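Here the structure comes first, spelled out in structure tokens, and everything after it is commentary.
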Amino acid sequence: MRIILILIYFFLLTACQGNESTLKHSLVYCPEGNPKLFNPQLVDDVATIDATTNQLYNRLVKRDQMNQKILPDLATHWIQNKNENSITFFLRKNIAFHHTAYFSPTRNFNADDVIFSFNRMLKTTNPFHAICPLSDNYFFNHPFYNSVKTIIKIDDYTVKFLLRSKVQYFLDNLTDNYSIILSKEYAQQLLAKGTPKNIDYFPIGTGPYKFKSFSRNNLIRYQANTKYWQGKPSIDNLIYSVTPQSIQRYAKLLSGKCEVIIYPSPTQIKKISKDKSYRLSMNSTYNIILLAFNTKRTALKNKNVRHILSQVIDKKQINSTIFFNTAEVVNSILTPDSWAFAPNLRRVDDPSKITKKDLALLRHNVSKPLIILAPKKGAEFDPLFKTIAKIIKYNFDKIGVQSKIFILGHIDLHKRLNSGHYDLYLTRLKGNPYHPINMFIPILSCDSKAVEGNSARWCNRKTQKLLNNILTSSRLKQKKQKYHQLQKLIQREYLYLPIVHVLRFDVMQANISGISLNPLTGINFFNVKKQGSH
Amino acid sequence: MLNYIMRRLGLFISTAFILTLIAYALHYWLNQSHSQPIINGYITYMIQILKGNWGISIIDHQPILAKGLKSLASTLELSIFAFIGALTLAIPLGIIAGIYRNGQIDYLIMSTAIIALALPVFWVAIMMPTVSNIFHLTLPIDGQISPIYEVKNVTGFMLIDSLFTTGTYHFEAFYSRVRHLILPSIVLSLFIFAETIRLTRHSISMVMKSNYINAAYSKGLSTVQILRSHVFKNIYPSIIHDLRSNLSTLFSFAMTVDIVFKSKGSGQWLLTSIHEGDYIVLPTAILIIGGFILLSSILIDILLMLTSPTKRITLYVD
Amino acid sequence: MSINDEFDKKQIRTPLHYIFQIFKKKVAAIIAVWIICTFLFIIIFADFIVSHSPSEQNMNALLLPPYWLKGGNTAYLLGTDELGRDNFSRLIMGIQRTLAGALIITAVVSFFGLILGALASSLKNFKASILHHLLDSLLTIPILLTALIFIVIFGSSFQNCLYAIAISLLPQFIRSIFLSIETEMAKPYIVALKIDSMSDLQLVKNVIYPNILEPLVTIINRVFTMAIIEITTLGFLGFGVQTKGTELGAIIANNFEFMYLSPILVLAPGITLFIIIFSFNVVAEGIRHAIIEAEQ
């Protein structure tokens, strides 16, 4: 027995020392959720983008974070031809794709890879176009869908895009998460092997880190790409340790198990910002939490009912209670930094304006308890949805409207959304400040199902026309005007009640520097540096 | 004796058969489409089970059997650690309490045992990080092993697998695993600790009352000598036997601890699968966990029989 | 002295009475009994004790500390949670729900368990064999797993959690009762009674149960402890929370996030839970000892 005690003591002693080199060259980042897959072309949730865009891949161009200028990435320079409405890219030479256990590239990056990567999204005939079950219908809403006419290979290192849309607009698109470059050689190998699906699960790119392994709800491992064209990153092992609960992430940060975490619990933000051993960074996410009104339900068919219900929801209270004022109260589903944002939308919530007549109307229409639906897992803010729903219920209780909350896992949630058996649906919407159309179509179009975004089950000929107009119009001013109309329509008809814009918070230990964050393309660990060991 | 072993084996087979029936009933209920009659369905189900095709998880497309076994291994590591810790402390305490029955020390020890039994496992588990923080212990509060270390799955037992990585990490990965086991096994050991004290005390006081001990005393042997030569031999079978009958309760607690500490064991496996709607884990868990508990009970029976043939207590029917 | 003697003789009429006399002398057990009585009082009069409705939110008083700390408010004895709900009222309602649930489960399991246990011991040959094999296999499935299975089948509500726990505790109870009966049955005086042509069921009811009181107390106490732990564990894991009321485990899970801000949120329900289980165990121990001493 004494031996056991001595052994345990010995373990404890030696374990404290740690292996210097392993620790020094590894970085543990604790995100909230699993990436859905490893290709940001197909999905755009925070977890997927953080795990892919900047780590695994490069794009042709990128955006300077400070002055928003467009900078070269895999393209060295480009020429715009206004008359022909085209743009020609000159590609960087000697760029190697990742060499991994499952792929050994025999050639460097060239024009074929560019064409393959874009055609996967554009052409229905591409064998990889419809391969991923997650991308059902997604490509149809894809910003590229209407902007590119064709792509021409001029030589191995020159590619020309013939466009339908404006060149500047297209360049903006190219800086986004979905414009990454895949390896055509890898895709062909997979196709020959009969496992084309692997392209999204075992990724090959040109980025600073290469994929090593992934186990769901647990870990993602990356290895430094020693042949990276901008130099090898200073960290050898980049590890994502998936930790869904914010309190758990915070505890792991304190115990040193996580060196960088996303979304510390809102209750801790004040404390962390005062603590010198950690650094807090705050960024926009373009994520809006909103409440959808199911317009097909008898209780909510009447616009005035939806109006009164919107009036009583106290957004400020939600922000202070749940986000401890770390979010932004909004009136539009677009964030104020977007070019299409309608600035003159009014505030809806004002319970003091509710009259007796309103209450009578409610009593007349709402006979059964309202069903409030909210997702349980898989979304970034899941612990919060429950509390938000409770506050909404509390607000409703005050005016005598009964309601029931259903927090469902994604399978049950989809079933219920499809069946339409709900009154209100609390969800989040990922915005895009450059191309708002791909957030408006899913939530307003008749073709879009509730699961795809149209949880208000809205279908209206006028709205449809407005959406089509935006797609076809080429003048910015006209577009802007249409977008303003859409935002006003959402408010006038009370289809979706935007509640808050969630900001993104990341906390890192003070000895870590060089992490950059972009709301659209996610976190970037390329320049990360770790000083000393703690 | 061979007869005894054969009877145990028979018991194992018949009980395992009932377990598969329960698992199949659940499987049948969970599968909405029933293409064949129940009996044929059971036979096909069993053939698939015996072939090792236990199904694929809808969450991550991994084979369910492998996932279930791996999580079982993690829970086992935790339980073994907790057992060793609890027994080394509880048996001496139980003996002391038994010898000084109804004395002050006995009172103190038994109160500790009742307190340990009354602490709700999950609550202690969530308080543990705070407690260890107060004492400035930097022990890991969740997970199986530090994510820095990459340990290949060879045996499924992380403790053993981490020894295969000594080439890259020396013993770092192994230490990391051990450190991760400390807090959860302390929490889990509370129950075993309390039970063992109670059982040891009971057995000791029973044995001490018996005639042959009195005879030994009259021969002039000291208490320690008596303990060594007579008592241990007589009490350990009943302690082991009683703990064996508590195996499934213990496993229940181990699953709870594992969920709170996120240590990738059976509890977490079940809970995450249920939350994500992957209900196929339920029949699988019945077979894996139920099968494991059944197998180990019967092995303990046979071992007890081999080491102390006089104590043929049968909890299970013959 | 002689008067006292007579008094004692009048008092001690039945064995139960005698046991009670011994029990009364155990201070710790008596204190525990009073604590339990307090909890029972809380169960019955919870609605009158609470100062606020447990779901009443006060957005002007979020995460208040208990009243004895700085910033506390006597309107909220134990402070408030993140939605401004009164911790004290929630605790009281939680105790009501959890403890009442555990008591109901204990009563139901004991009732059916005693009947089935007696039945099991009177069964012969083939039927007995089937019953025991069934029990054996049910016993290999951990309670938590059984409970989870039933919750998946019946849906997640507090009521279903109670059913699930009761069902999962029953096999253990039957087995323990059966074992106690078997040991008692083997004793010589029973054999003698059997020769007197008493039927098995009669035997169990009239002779055996009174004689196995001591193990019975232990078994029932074990069922209660397991029931309360499982109710709170399932509540903590998020099952059975979609009902209107609240439950101690669910309160702990809900408040977990705010543990660093206001530790009382997690401490109060946990310690309450501990006190409940502890006092029941102390009382059970007290009764057991009293029975043993009475037998001697």
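The values are calculated or read from the model by the stated rules, or taken from the named source; none is laboratory data. The structure presented is a predicted model; accordingly, all values stated were derived computationally and were not measured. Note that we place each Cβ from the backbone using ideal geometry, even for glycine, and neighbour counts take in every protein chain shown. With ligands, DNA and RNA removed, areas are computed over all heavy atoms of the protein, side chains included. Shrake-Rupley method; radii C 1.70, N 1.55, O 1.52, S 1.80 Å.
Take A:R461, A:R63, A:R279 and sort them by solvent-accessible surface of the protein heavy atoms, 1.4 Å probe, largest at the top. Intermediate results must be reported in sequence, preceding the final value.
Values: A:R461 215, A:R63 40, A:R279 100 Å².
Putting A:R461, A:R63, A:R279 in descending order of accessible area: A:R461, A:R279, A:R63.
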Original post:
On average, how much accessible surface per residue is there in the protein assembly as shown, in Å², for a 1.4 Å probe, leaving out ligands, DNA and RNA?
Top reply: 44 Å²
**OP:** Have a look at the DSSP beta bridges in segment A:287-503 and tell me what percent are antiparallel, nearest 5.
**Re:** 65 percent
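Would you calculate a helix-derived [θ] at 222 nm for chain C, using -39,500 (n - 2.57) for each DSSP H run of n ≥ 4 and dividing by the full residue count, to the nearest 500?
-24000 deg cm²/dmol
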Original post:
Pick from B:S189, B:S266, B:S222: which residue has the top mean-square fluctuation in a GNM of chain B where Cα pairs under 10 Å get a spring?
Top reply: B:S222
**OP:** Calculate how steeply helix C:143-154 sits against the longest principal axis of the alpha-carbon atoms of chain C, using the helix alpha-carbon long axis, and give the answer as 0 to 90 degrees to the nearest 10.
**Re:** 70 degrees
Original post:
Between segment B:1-48 and segment A:215-249, how many Å separate their Cα centres?
Top reply: 44 Å
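Over 32 Å between Cα atoms, which of A:K153/A:K482; A:K69/A:K477; A:K276/A:K398; A:K62/A:K193 qualify?
Details: A:K153/A:K482 36 Å; A:K69/A:K477 22 Å; A:K276/A:K398 43 Å; A:K62/A:K193 34 Å.
Pairs exceeding 32 Å: A:K153/A:K482; A:K276/A:K398; A:K62/A:K193.
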Subject >> Prolate/oblate/rounded call for chain A, Cα gyration tensor, a/c under 1.5 rounded >> reply: oblate
Original post:
Against the longest principal axis of chain B, how steep is helix B:121-134, in degrees 0 to 90 to the nearest 10, with axes from Cα atoms?
Top reply: 80 degrees
Original post:
How large, in percent, is the carbon and sulfur part of the accessible surface of the protein assembly as shown at a probe radius of 1.4 Å?
Top reply: 61 percent
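In a shell of Cβ-Cβ distance under 13 Å around A:V528, excluding A:V528 itself, what net charge do Lys and Arg (+1) and Asp and Glu (-1) give?
On the way: positive: A:K24, A:K232, A:R279, A:K529, A:K530; negative: A:D236, A:E259, A:D506.
Result for the neighbourhood of A:V528: +2.
If you add up the charges near B:D258, with Lys and Arg at +1 and Asp and Glu at -1, over every other residue whose beta carbon is less than 12 angstrom from its beta carbon, what do you get? Mind dumping the intermediate values first?
Numbers: positive: B:K262, B:K264; negative: B:E77, B:D142.
Charge balance near B:D258 sits at 0.
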Original post:
Between chains B and C, what is the buried accessible area summed over both chains (1.4 Å probe, protein heavy atoms, nearest 100 Å²)?
Top reply: 4400 Å²
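Of all the stretches in chain C, which is the longest one without any exposed loop site, taking trypsin sites (Lys or Arg not before Pro) in a DSSP loop (any state but H, G, I, E, B) with at most 14 other Cβ atoms within 10 Å? Kindly include the intermediate steps, with their values, before the conclusion.
Working: sites that count: C:R13, C:K25, C:K70, C:K124, C:K244.
Here the longest segment lacking exposed loop sites spans C:125-243.
When a/c reaches 1.5 or more, the comparison of a/b and b/c decides; with that in mind, is segment A:287-503 rounded, prolate or oblate per its Cα gyration tensor? It would help to have the intermediate numbers written out before the result.
Values: a/c = 1.40, a/b = 1.37, b/c = 1.02.
Judged from the Cα gyration tensor, segment A:287-503 comes out rounded (a/c under 1.5).
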Original post:
Angle between the Cα long axis of helix C:15-24 and the longest principal axis of chain C, 0 to 90 degrees, nearest 10?
Top reply: 40 degrees
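For a test of the definition: using alpha carbon positions, the gyration tensor, and the 1.5 limit on a/c, classify segment A:464-534 as rounded, prolate or oblate.
Judged from the Cα gyration tensor, segment A:464-534 comes out prolate (a/c at least 1.5, a/b above b/c).
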**OP:** Sticking with the crude label model, points 7 Å out along Cα→Cβ, report the distance from C:N211 to A:R461 in nm, one decimal please.
**Re:** 9.1 nm
Original post:
For B:T88 and B:K51, FRET efficiency with R0 = 45 Å and r from the beta-carbon atoms, rounded to 0.05?
Top reply: 0.55
**OP:** Take every residue in peptide B:199-210, count the Cβ atoms of other chains within 10 Å of its Cβ, and give the average of those counts.
**Re:** 0
Original post:
Looking at segment B:91-139, which chymotrypsin sites (Phe, Trp or Tyr not before Pro) are in a loop (DSSP not H, G, I, E or B) and have at most 13 other Cβ atoms within 10 Å?
Top reply: B:F135
Subject >> R0 of 56 Å, Cβ-Cβ distance A:S473-A:K232: FRET efficiency to nearest 0.05 >> reply: 0.75
**OP:** Could you give the DSSP H helices of chain A that reach 20 angstrom or more along their long axis (alpha carbon positions) and whose average Kyte-Doolittle hydropathy is no lower than -0.5?
**Re:** A:2-17, A:382-398
Original post:
Which value in nm describes the separation of the simple spin-label points at B:D60 and B:T223, placed 7 Å from the Cα toward the beta carbon?
Top reply: 5.4 nm
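Once R0 is set to 45 Å, what does the formula 1/(1 + (r/R0)^6) return for the Cβ-Cβ distance between C:Y260 and A:E84, expressed as a FRET efficiency to the nearest 0.05? Walk me through the numbers before you get to the answer.
On the way: r = 61 Å, r/R0 = 1.37.
For R0 = 45 Å, the calculated efficiency reads 0.15.
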Original post:
Fully extended, how many nm does the chain gain between B:I38 and B:L137 (0.36 nm per residue separation, minus their Cα-Cα distance)?
Top reply: 30.0 nm
Subject >> Too-long pairs where the Cα-Cα distance tops 26 Å, listed order kept, from A:K227/A:K530; A:K274/C:K70; A:K386/C:K70; A:K303/A:K465; A:K82/A:K184 >> reply: A:K386/C:K70; A:K82/A:K184
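About its Cα centre, how strong a charge dipole does chain A have in debye, to the nearest 20, once Lys and Arg get +1 and Asp and Glu get -1 at the Cβ? Working shown, then result.
Working: 75 positive and 35 negative charges, 298 e Å.
In debye, rounded to 20, chain A gives about 1440.
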Subject >> Set of lysines with alpha-carbon distance to B:K219 below 22 Å, sequence-local pairs under 8 removed >> reply: B:K209, B:K233
**OP:** Quick one: what are the phi-derived ³J(HN,Hα) couplings along segment C:258-275, Karplus 6.51/-1.76/1.60 with θ = phi - 60°, whole Hz, x for glycine and proline?
**Re:** 9, 4, 6, 6, 9, x, 4, 4, 9, 5, 4, x, x, 5, 4, 4, 4, 4
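Taking the Cα centre as origin and putting +1 on Lys and Arg beta-carbons and -1 on Asp and Glu beta-carbons, what dipole magnitude results for the protein assembly as shown, to the nearest 20 debye?
Numbers: 114 positive and 69 negative charges, 632 e Å.
It comes to approximately 3040 debye.
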